[in-house]
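Contents: one structure, followed by commentary.
The values are calculated or read from the model by the stated rules, or taken from the named source; none is laboratory data. A quick note: this is a predicted structure, and the numbers were derived from the prediction, not measured. All Cβ positions, even for glycine, are placed from backbone atoms using ideal geometry, and neighbour counts span all protein chains on display.
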Amino acid sequence: MPTTSLVLTILGTDRPGLVDSIAATISEHNGNWVESRMAHLAGQFAGILRVEVEADQAEALTTAIGALTSTGLESVVHTIPTVPAATTSPVVRLSLTGQDRPGIVREISRVLATHGVNVEELNTECRRAPNSGQPLFQAEAQLRLPEGLSLDTLSEALEQVATDMMVDISLE
């Protein structure tokens with residue numbers, strides 16, 4: 001039986017049992033929870049996940065996920081008929097730390113977009129610096145480099161912006 005991939009985004013007030021209600025709904029439709037990213041942000045639960053389900057169950061599962069609005073969850077479901085093949089272009093990890101200020105993500109993302117870099121995952125947070133108590137912005141990203149872009153070239157471009165913003169950036 002052919003399968004369909006569904007990519008779901010879920011948002012709602014965080015509470016115990018929320019993930020279980022999503023998992024139960026997927027299981028009731030013989031879906032397979034393949035991958036996900038979920039977080040608690042400002043009292044809200046935010047998640048994105050990919051589910052594989054038999055093609056004839058995709059519509060019913062989509063409807064059932066939509067019915068979770070009665071429990072306070074908002075959702076969007078995208079049907080992906082086939083999952084694209086994995087690419088072989090290089091993946092690098094970016095780490096950034098610096099005093100928080102507006103525009104950090106914008107400046108870094110502009111450099112990445114200019115060089116054709118795909119941001120596959122981005123995690124950010126703002127904390128108080130241990131010594132000074134000043135707001136400290138931290139970011140970790142997984143980046144996919146386009147063919148022909150060297151790590152050195154990207155590193156140089158990011159370092160120019162990092163110096164102006166007074167943040168530390170490393171690529172691995």
Completion exercise
By residue number, the members of the range 135-162 that are of a type in the set (Ser, Thr, Tyr) and surrounded by 11 or more Cβ atoms within 10 Å (Cβ to Cβ) are 153, 155
Fill in the blank from the handout: Residue hits (the range 97-112; within 15 Å of residue 168 (Cα to Cα), charged (D, E, K, R) and assigned to a helix (DSSP H, G or I)) are 107
Exercise for the section: Could you tell me whether any residue of the range 101-109 is polar (S, T, N, Q), modelled with pLDDT of 90 or more and more than 19 Å from the chain's Cα centre (by Cα)? Expected result: no
Practice task
Go through (1) surrounded by 14 or more Cβ atoms within 10 Å (Cβ to Cβ); (2) touching a helix residue (DSSP H, G or I) at 6+ places or on another chain (Cβ under 9 Å) and name the single condition residue 62 misses.
Solution key: (2)
Practice task
Scan the range 51-61 and give yes if some residue there is closer than 19 Å to residue 74 by Cβ and within 17 Å of the chain's Cα centre (by Cα), otherwise no.
Solution key: yes
Exercise for the section: Take the range 14-23 and flag every residue that is touching a Leu at 6+ places or on another chain (Cβ under 9 Å) and of a type outside the set (Asp, Glu). Expected result: 18, 21, 22
Exercise for the section: Would you mind stating whether residue 157 is part of a strand (DSSP E or B) and modelled with pLDDT of 95 or more? Expected result: no
Exercise for the section: State yes or no: is residue 71 under 30 Å from residue 15 (Cβ atoms), assigned by TED's automatic domain parsing to the domain that holds residue 52 and not hydrophobic (A, V, I, L, M, F, W, C)? Expected result: yes
